[in-house]
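Visitor: Got a structure for you, written out below as structure tokens; questions coming shortly.
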There are 2 protein chains.
Amino acid sequence: MLDRKAAETAGEAVKRPEKATGVWVPAATPFKADLSIDFDRYITHCKKLLEDGAHGLAVLGTTSEANSLDFVERENVLERLVKAGIPADRLLPGTGAPSIGDTVRLTRHAVSLGVRGVLLLPPYYYKNVSDEGLYAFVAEVIKRVNDRRLALYLYNFPQMTTITWSPVLVGLLIQDFPDTVVGLKDSSGQVHYMETLLEQFPGFAVFPSSESMLLRALRKGAAGCISATANTHVTGIRWLYDGWEGPDAQDLQDMAARVREAVQPFGWIPGVKTILAAREGTPDWARVRPPLDALNEEQTKELLAAVAEAGG
Amino acid sequence: MLDRKAAETAGEAVKRPEKATGVWVPAATPFKADLSIDFDRYITHCKKLLEDGAHGLAVLGTTSEANSLDFVERENVLERLVKAGIPADRLLPGTGAPSIGDTVRLTRHAVSLGVRGVLLLPPYYYKNVSDEGLYAFVAEVIKRVNDRRLALYLYNFPQMTTITWSPVLVGLLIQDFPDTVVGLKDSSGQVHYMETLLEQFPGFAVFPSSESMLLRALRKGAAGCISATANTHVTGIRWLYDGWEGPDAQDLQDMAARVREAVQPFGWIPGVKTILAAREGTPDWARVRPPLDALNEEQTKELLAAVAEAGG
């Protein structure tokens, strides 16, 4: 356990974290045969992603199977990464949970370690919740965390949560918590939604989850992207991020999109894990936690052939 | 904290709990102004439900806003009820969580207290999960809890989870864990689904969530029901349960169904809490936790008028 005393400091003197930009990777979480986290492999993977061009790591997201980790494991992951020498300000962990209390627990812990910010899922158990209810949830979390270092990035993933952070609600949250609600990761794949946010809220850090729309997003003012396939192809995505105003931008975009399209039919989580297993010659990497399924042998062959053909 | 040492005993000599039958109430959870649990009011409510005819309490279910309670609170609720003198074998708490680890934690804790069984939600974050993945999840939970006293009641609520415990999967679980997977609460409202389970698995304890189909369900062999509106109308449901083979069965069924239909449009959770608030003259009862919304004044009037008109 690291010292959490600093978490209690909420004074004016405390520096707020800088807004995140660039290519952030929702690092996949490798498991041993007994389904426990393989921390050695995990830390090696995370360090390599940073060496290969990632600006940071959006750990404990959907691709990380964070919702299949228990809360003790989720705290442990962050502590291990920091202890292994990864700067906390290059971490943007997911800390969402269905209840206010558990979300506050995970968020305070992350903030106490000095992370750049946290990705906040909406409370995803109940369905058809109102904007008012979601606002009250976020406001209560911010109030209870009570730490100037808290930077919230809303996590929009209606395919998993059935909830969309509506532009009206996002606007209200920015208005009432301008120094805390600073960005949004959009995994909806809805270009119109993303562009609405970019147009209405200049300076708000919007990250599409797909590098396939990164060029278009950057031209409209996006902050970067947080993409599952950055686990396996971070360098190409970084080239695109760095070169989006240069002469090769469209070529870089096309190449990144081809690789992503090759992985998509196999599911992001088993997909990227299977590629990592093949690349590192360690079948263990392909393991997922229930209720997810790993790819079978035939799917594995098809995926690897498709990625190779896409030039990945 | 109660003594959990007994949880470690998994020997042959340990007695398995008797199968639950009858009217079990998913007791609503009252909150104070600071949103903390009002334990005094809660314990009074739970005791009154048992006095008024409930066979037991399916606490920490959806109507209880269990998914808006953090895990420490969920454990605390059970300990407080037992300490207040409610027999643990009249408790059937929800212990589902998205991860195996957290589900095991909550389940072991409940089993260690001597509960009659636990209601298990499927891991509800990921969507489109396979039967194989769900089977692996349940099998891993059973293996890790490792306690002969564990009685699992699957909790089927696709409107919230998007996941259905398919009859094929239910059959496999009964086949492989006949002494542990002993029942299912069905909140789907799909009569055909419920009747399929009753026909295919005689002796499996199926509880519809709606007393409106209780007579039909009992005639097909259902074990009872676990209904939100039992929070406010348990006596009438108990009459129906006791009298389903008698001459007044259809009248009792019709009256129960009328009350339920009056509440439904307002949402079960704010609905039953608002009725309790009015009945006990304590507006505090109507409070819900974000992301849910309480009823406004007009909705409250409409609800109470509708329930009165239904004879409730």
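Quick note: the coordinates plus some simple rules give every number you see, no bench work behind them. Quick caveat, the model's predicted, so the values are computed rather than measured. Don't worry about glycine lacking a Cβ; one is built from the backbone with ideal geometry, like all the others, and counts go over all protein chains shown.
Visitor: Can you tell me which of B:227, B:112, B:166 moves the most in a GNM of chain B? Springs connect C-alpha atoms under 10 Å apart.
Guide: Maximum fluctuation in the GNM of chain B, among the listed residues, is at B:166.
Visitor: Go ahead and run the numbers for FRET between residue B:199 and residue A:166, Cβ-Cβ distance against an R0 of 35 Å, rounding to 0.05.
Guide: Numbers: r = 44 Å, r/R0 = 1.27.
Computed FRET efficiency for residue B:199 and residue A:166 comes out at 0.20.
Visitor: Using only the Cα atoms of the stretch A:18-246, build the gyration tensor, take square roots of its eigenvalues as a ≥ b ≥ c, and label the shape rounded, prolate or oblate: rounded if a/c is under 1.5, else prolate if a/b is larger than b/c, else oblate.
Guide: Taking the square roots of the gyration eigenvalues as a ≥ b ≥ c, the stretch A:18-246 is oblate.
Visitor: Counting other C-beta atoms within 10 Å, which of B:63, B:300 has the fewest, and how do the rest follow?
Guide: B:300, B:63
Visitor: Also: Counting other beta carbons within 10 Å of each residue's own, what order do A:213, A:194 fall into, fewest first?
Guide: Fewest-to-most Cβ neighbours within 10 Å comes out as A:213, A:194.
Visitor: Determine by what factor the alpha-carbon radius of gyration of the protein assembly as shown differs from 2.2 N^0.38 Å, reporting the quotient. Could the numbers behind the result be given before it?
Guide: Details: Rg = 25.3 Å, N = 624, 2.2 N^0.38 = 25.4 Å.
The protein assembly as shown yields a ratio of 1.00.
Visitor: Using the beta-carbon distance between residue B:177 and residue B:35 and R0 = 30 Å, what value does 1/(1 + (r/R0)^6) give for FRET efficiency, to the nearest 0.05? Don't jump to the answer; show the numbers that get you there.
Guide: On the way: r = 38 Å, r/R0 = 1.26.
After rounding, the FRET efficiency stands at 0.20.
Visitor: Residues in the stretch A:136-156, backbone N under 20 Å from the label point at residue A:216 (7 Å along the Cα-to-beta-carbon vector): list them, ranges by number please.
Guide: Counting backbone N atoms under 20 Å from the label point, the list is A:156.
Visitor: Between rounded, prolate and oblate, where does the stretch A:161-312 land on the alpha carbon gyration tensor, with a ≥ b ≥ c its root eigenvalues, rounded for a/c under 1.5, else prolate if a/b exceeds b/c?
Guide: Details: a/c = 2.68, a/b = 1.58, b/c = 1.70.
The shape class here is oblate.
Visitor: If each label sits 7 angstrom from Cα along the C-beta direction, how far apart, in nm, is residue B:132 from its counterparts in the other copies?
Guide: 4.7
Visitor: Under a Cβ-Cβ cut-off of 13 Å, what is the net charge of the residues other than residue A:18 that fall near it, where Lys and Arg count +1 and Asp and Glu count -1?
Guide: Neighbourhood net charge equals +4.
Visitor: Roughly what % of DSSP beta bridges within chain B run antiparallel, to the nearest 5?
Guide: Within chain B, antiparallel bridges account for around 5 percent of the total.
Visitor: Could you pull the copy-to-copy label distances for residue B:302, with points set 7 Å along Cα to Cβ, in nm to one decimal and sorted shortest first?
Guide: Copy-to-copy label distances for residue B:302: 4.9 nm.
Visitor: Can I ask one more? Summing Lys, Arg as +1 and Asp, Glu as -1, what charge do residues with Cβ under 12 Å from the Cβ of residue B:227 carry, residue B:227 excluded?
Guide: +1
Visitor: Next question. Residue farthest toward the positive end of the dipole of the stretch B:18-248, with Cβ of Lys/Arg at +1 and Asp/Glu at -1: which of B:180, B:81, B:121?
Guide: Selected residue: B:81.
Visitor: Another question, if that's okay. Which whole-number percent is the relative contact order of the stretch A:184-312 (Cα, under 8 Å, 6+ apart)? Intermediate results must be reported in sequence, preceding the final value.
Guide: Values: 162 pairs, mean separation 24.1, N = 129.
Once divided by the residue count of the stretch A:184-312, the mean separation gives 19 percent.
Visitor: Rounded to the nearest 5, what % of the DSSP beta bridges within the protein assembly as shown are antiparallel ones?
Guide: 5 percent
Visitor: Right, something else. Determine the calculated [θ] at 222 nm for the protein assembly as shown from helices alone, applying -39500 (n - 2.57) to every DSSP H run no shorter than 4 residues and normalising by the residue count; nearest 500 deg cm²/dmol.
Guide: That calculation yields -14000 deg cm²/dmol at 222 nm.
Visitor: Looking only at other chains, what is the average number of their beta-carbon atoms within 10 angstrom of each beta-carbon in B:92-103?
Guide: Partner Cβ neighbours, averaged per residue: 5.
Visitor: Count charges around residue B:238 for me, please; just the other residues with Cβ under 12 Å from its Cβ, Lys/Arg as +1, Asp/Glu as -1.
Guide: -4
Visitor: Put the label 7 Å from Cα along Cα→Cβ for residue A:191; what are its distances to the other copies, in nanometres, shortest first?
Guide: Its label point is 4.8 nm from the equivalent points in the other copies.
Visitor: I would also like to ask the following. For B:225, B:46, what's the fewest-to-most ordering of other Cβ within 10 Å of each Cβ?
Guide: B:46, B:225
Visitor: Pop a pseudo-label 7 angstrom from the Cα along the beta-carbon direction at both residue B:297 and residue A:130 and give the gap in nm to one decimal.
Guide: So the label points at residue B:297 and residue A:130 sit 1.5 nm apart.
Visitor: Related question: Which of B:15/B:143; A:185/A:220; B:15/B:83; A:32/B:143 have a Cα-Cα distance over 20 Å?
Guide: With Cα atoms farther than 20 Å apart: B:15/B:83.
Visitor: Straight distance only, please: which aspartates and glutamates reach the Cα of residue A:48 with their own Cα at less than 13 Å, same-chain residues fewer than 8 apart left out?
Guide: Within the straight-line limit of under 13 Å, residue A:48 reaches these aspartates and glutamates: A:40, A:280.
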